[in-house]
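J.: Below is one structure. I have some questions about it.
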Amino acid sequence: MLRIGKRHSSKREELQALLDQGYELPRHVAIIMDGNGRWAKRRGLPRAAGHREGVKSVKAVVQAAGEVGIDVLTLYTFSKENWRRPVSEVSTLMKLLVSALRKEIDELMENNVRLSVIGDLYDLPDFARDEMLEGIQRTRHNTGLTLNLALSYGGRTEIVHAMKDIARRVAEGELFWEDIDEEIISQSLYTRNLPDPDLLIRTSGEQRISNFLLWQIAYAELYITRTLWPDFRKREFYEALISYMRRERRFGMVSEQLAQKEVVAK
């Protein structure tokens, strides 16, 4: 049963009604968290204020995902391209990352959340990398929501890394080139132990992928909202889930084929 506050009761009831009717939640939700800078600018505040407010949205969405039973939540936390930002902003983001994890690690443990990271973790400054590794180690036995942070992550870099790993295996005779298929590639990615995202959410209204999970989102449903990330809280997350649940996912088939598959499954 959903454990959601009264403030979100209308969305809770709508979501629960869909679940009662047999509609399925996404197993894996990925989010491009965009709009912190614009949120701050509209209020005449420094960009750091937008990032700090965005941390509150992260906490709210992690709580909501765990409450409703999402298996994996992947957050695009810091991209490869973000290293190009001013040094002061990058430093602020790294410090926020560490302070947020230190503040929330006990709650992650209480809620059975497992922390994981994809990306080039060793690009991070030592203090940030050490904090992430400690969080991963401490939560490794948790069996609830997997909170997957994309840090110093780039989709193209991930694919290049996978291709190099496959080429090495072929050169060493571990793998024949004729055996390379989609499964081999998927198992060579950072996300090898995770299901592909079913739902990709992007905040702030921008309509682009931004080099995020390029291979994995081949069949993901896209949900784009004009809401800026610092304003994206539980209610907005439930709205995205409801939108997903009302869609028909055909995977190249037609509606009649899906209906027939459901009949056979029953």
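The values are calculated or read from the model by the stated rules, or taken from the named source; none is laboratory data. None of these values were measured; they are calculated from a predicted model. Virtual Cβ from ideal backbone geometry, glycine too; neighbours counted across all protein chains shown.
J.: For residues that are under 15 Å from the mean Cα position of the chain (by Cα) and not in a loop (DSSP other than H, G, I, E, B), scanning just region 215-233, find the one that is nearest to residue 198 (Cα to Cα).
T.: The extreme case among them is 221.
J.: For region 132-157, what are the residues that are part of a loop (DSSP other than H, G, I, E, B), free of Cβ contacts under 8 Å to residues at least 40 places away in the same chain and surrounded by 13 or more Cβ atoms within 10 Å (Cβ to Cβ)?
T.: Hits for region 132-157 are 139, 142.
J.: Scan region 29-72 residue by residue and report those that are crowded, with 18+ Cβ neighbours inside 10 Å and either at positive phi or of a type in the set (Ser, Thr, Tyr) (or both).
T.: Passing the criteria: 35, 57.
J.: Across region 162-207, which residue is surrounded by the fewest Cβ atoms within 10 Å (Cβ to Cβ) among those that are farther than 26 Å from residue 62 by Cβ and either of a type in the set (S, T, N, Q) or in contact with an Asp or Glu (Cβ under 7 Å, 6 or more places away or on another chain) (or both)?
T.: Filtering first and then ranking leaves 187.
J.: Among the helices (runs of 4 or more DSSP H) confined wholly to region 1-115, which include 2 or more residues that are of a type in the set (S, T, N, Q)?
T.: 9-20, 47-68, 87-110
J.: Within region 170-177, identify whether any single residue is charged (D, E, K, R), part of a loop (DSSP other than H, G, I, E, B), at pLDDT 95 or above and out of contact with any Pro (no Cβ under 8 Å at 6 or more places or on another chain), and answer yes or no.
T.: Checked against the condition, which is being charged (D, E, K, R), part of a loop (DSSP other than H, G, I, E, B), at pLDDT 95 or above and out of contact with any Pro (no Cβ under 8 Å at 6 or more places or on another chain), region 170-177 yields at least one hit.
Yes/no matrix, rows are residues, columns are (1) out of contact with any strand residue (DSSP E or B) (no Cβ under 8 Å at 6 or more places or on another chain); (2) at pLDDT 95 or above; (3) closer than 21 Å to residue 111 by Cα:
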| site | (1), (2), (3) |
| --- | --- |
| 9 | yes, no, no |
| 30 | no, yes, yes |
| 40 | yes, yes, no |
| 43 | yes, yes, no |
| 53 | yes, yes, no |
| 76 | no, yes, no |
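J.: Could you please find all residues in region 214-232 being more than 21 Å from residue 35 (Cβ to Cβ) and crowded, with 21+ Cβ neighbours inside 10 Å?
T.: 216
J.: Which numbered condition trips up residue 129, out of (1) farther than 18 Å from residue 28 by Cα; (2) in contact (Cβ under 8 Å) with a residue 24 or more places away in the chain; (3) not polar (S, T, N, Q)?
T.: Exception for residue 129: condition (2).
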